[in-house]
Amino acid sequence: MASNLTEETLTEAVQRTFDTSADARFRQLMVCLVQHLHDFAREVRLTGEEWFYAMDFVERLGKISTPTRQEVVLASDILGLSMLLDTMNKSPGGSATDSALLGPFYVEGRPRADNSDDISNGVAGTPMFVTGRILDERGEPIAGAHVDTWHSDGAGFYDVQQTDKLHNEFAMRALLTTDDEGRFWYRSITPRYYPVPTDGPCGEILGAANRSIMRPQHVHFWFHAEGYQPLITQLFLKDDPYIGRDAVFADQTSLHADFVRHEPGTAPDGTAVDEPFVTLDWTFTLATTGAE
Ligand code: BEZ
Ligand code: FE
């Protein structure tokens, strides 16, 4: 190890320790990471106190995280890193639907549902009927695609945030499959805008910056189909009061949708509904696996 290191020579000395790495990509990532970390500390003249705060912050990100409370994901989201990656990894020039981040409320083990099922699991709210179609880039339907969907309730809470009320039962989330015409459809309740969780370390950043903490009303989708690139996306209420100021930068215009309000009457699936309800209809396009 070199001696007499200075602020200028230390960076290279650390980088050289990765010369022996077997994996070239690992080496590239680490050398570049060290460069940017050191440049950051030099540029802002990081104090010892600030560095201790930062290390404690990262430790607290981990400590508060659970399978249903993903504070590390949230940190990536509020810093725009998640959406940067979505944007960077988009296939150029294709007609595939834009992606929008996964977020911390996707959970494994969601129930399977059949088309036309009510996936609200009894949670009260304004009925919402979702109809979707999945096509390839030539406009042909994709049959047998897996459709994960999840959303909040009418007060802006996900099932996993209401363990006392729902006793760990899943609600407002399901896994469906498209029919021969690439269609899927389900009944649920209408979601609402909501704040990102602010009771953890990420809340400190949002508070210190006086930033908006809200996410406009949206429904999440994650599509998988053999031969196609998976797509994680969201549809946003286009006239939501928080549209255009999403705390996690995902509410791009191409995903603004009409959540159409109806008086009592007949729903798209033929059900008679005796209260006002909402319909959401969208056509999604998936890129083939070879198009990356
Ligand atoms: C969500 O849409 O579920 C979400 C995304 C990022 C942060 C918080 C929530
Ligand atoms: Fe969400």
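Counted as qualifying within segment 8-118 are the helices (runs of 4 or more DSSP H) with 2 or more residues that are more than 16 Å from ligand 1 (Cβ to nearest atom), farther than 30 Å from residue 152 by Cβ and of a type outside the set (D, E, K, R), namely 10-16, 24-44, 48-64.
Between 177, 190, the distinction of being touching a Gly at 6+ places or on another chain (Cβ under 7 Å), over 15 Å from residue 235 (Cα atoms) and at pLDDT 95 or above belongs to 177 only.
Among residues that are in a loop (DSSP other than H, G, I, E, B), loosely packed, with under 13 Cβ neighbours inside 10 Å and in contact with a helix residue (DSSP H, G or I) (Cβ under 9 Å, 6 or more places away or on another chain), residue 275 is not included.
Of all residues in segment 64-93, those that are of a type outside the set (A, V, I, L, M, F, W, C) and surrounded by 15 or more Cβ atoms within 10 Å (Cβ to Cβ) total 9.
Across segment 184-230, which residue is farthest from ligand 2 (Cβ to nearest atom) among those that are closer than 21 Å to residue 262 by Cα and in a strand (DSSP E or B)? Top of the filtered list is 185. Scan segment 98-146 for residues that are of a type in the set (Val, Ile, Thr) and within 16 Å of ligand 2 (Cβ to nearest atom) and jot them down. Passing the criteria: 107, 119, 123, 130. When residue 219 is tested against (1) away from ligand 1 (no atom under 15 Å from the Cβ); (2) among the aliphatic types (A, V, I, L, M); (3) surrounded by 17 or more Cβ atoms within 10 Å (Cβ to Cβ), only condition (1) is not met.
The values are calculated or read from the model by the stated rules, or taken from the named source; none is laboratory data. This is a predicted model, so every value here is computed, not measured. In this analysis, Cβ positions are derived from the backbone assuming ideal geometry, glycine residues included, and neighbour counts consider all displayed protein chains.
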